[in-house]
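Here the structure comes first, spelled out in structure tokens, and everything after it is commentary.
The values are calculated or read from the model by the stated rules, or taken from the named source; none is laboratory data. Everything numeric in this text was worked out from a predicted model, so none of it was measured. Reconstructed Cβ throughout: ideal geometry from the backbone, glycine too, with neighbour counts over all protein chains shown.
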Amino acid sequence: MSDHVHGHAHGHGHSHGLVDPSITRSRDGLRVVLVSLVLLGITAAAQAAIYVATDSIALLADLIHNVGDAFTAIPLGVAFLLRSDRAERGAGLAVVATIFASAVVAAFFAVDRIINPLPPEHLPALALAGVAGVIGNAIAARVRLAGGRRLDSAALVADGRHAQSDAIVSVGVVLSAIAVALGAPIADPLIGLAITLMILRITWQSFHTVRNDDRGR
């Protein structure tokens, strides 16, 4: 029997007929991961297309983060396929590492744009990209949080809270478009830097969620 059955059997008061609860949980987990991957993939693709036109650092920071967020579906999906507590906790740490890496990359671009200013263009499209980020992340967060609580998965809950915060981060892209339209182009890289700081805060919170789950087991 796979090792997660002992860790998660309490979350399933029924055995779904003759189907092993671990198999049912694995399928449900994969479904949650795939749905959120598709949602974030569509969001990132829309933002990438708009970034090419606008050249906004605030949008680039959000885009890098959303792409990284979409890729966290890979270790989570593998963990559910393996039906292993250990792999799931490892996936949770991989999620944290990915968030941190996206923050470092976003910070580099933001600092570079502050040193070498270049105002973003096509501001209505930029604001639209921010709105797309808010909607895509908000829906992905609902899917992940609901799945994480249903399956008693700290990794999915951490990823859900991460996407929830990402929706707020995307508001920064809309604010950047407004600030530049009002004649403050420096606001774009500054908001990009602020987004980076928010991503670092999300990293710390997600790390604690995963670490506390590890201790609890």
Given the conditions (1) over 22 Å from ILE199 (Cα atoms); (2) more than 21 Å from the chain's Cα centre (by Cα); (3) modelled with pLDDT of 80 or more, every one holds for SER84 apart from (3)
Please verify whether region 11-25 includes one or more residues that are at pLDDT below 80 and under 17 Å from the mean Cα position of the chain (by Cα). no
Of those in region 127-168 that are in contact with a His (Cβ under 9 Å, 6 or more places away or on another chain) and charged (D, E, K, R), the residue modelled with the highest pLDDT is ARG144
Flagged pairs (Cβ under 7 angstrom, 6 or more apart or on separate chains; first in region 78-101, under 14 Å from LEU151 (Cβ atoms); second outside any helix (DSSP H, G or I) and at pLDDT 80 or above) are GLU88/SER153
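Looking at ARG89, is it basic (Lys, Arg), more than 15 Å from the chain's Cα centre (by Cα), under 19 Å from GLN205 (Cα atoms) and assigned to a helix (DSSP H, G or I)? Explain how you work it out, then say what you get.
Working: basic (Lys, Arg): yes; more than 15 Å from the chain's Cα centre (by Cα): yes; under 19 Å from GLN205 (Cα atoms): yes; assigned to a helix (DSSP H, G or I): yes.
Here the answer is yes, as ARG89 does meet what is asked.
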With the first residue restricted to region 183-205 and required to be in contact (Cβ under 8 Å) with a residue 60 or more places away in the chain and under 18 Å from THR54 (Cβ atoms), and the second required to be of a type in the set (Val, Ile, Thr) and buried (at least 20 other Cβ atoms within 10 Å of the Cβ), Cβ contacts under 6 Å at 6 or more apart or on different chains are ASP188/ILE57; ASP188/VAL180; PRO189/ILE57; GLY192/ILE57; ILE195/VAL169
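Hey, among VAL169, VAL180, VAL174, which residue is touching a Leu at 6+ places or on another chain (Cβ under 9 Å), touching a residue at least 60 places away in the same chain (Cβ under 8 Å) and not in a loop (DSSP other than H, G, I, E, B)? Working first, answer last.
On the way: VAL169 fails: touching a Leu at 6+ places or on another chain (Cβ under 9 Å); VAL174 fails: touching a residue at least 60 places away in the same chain (Cβ under 8 Å).
Answer to the check: VAL180.
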Looking across region 147-161 at residues that are over 24 Å from PHE100 (Cβ atoms) and in contact (Cβ under 8 Å) with a residue 40 or more places away in the chain, the single one that is surrounded by the fewest Cβ atoms within 10 Å (Cβ to Cβ) is ARG150
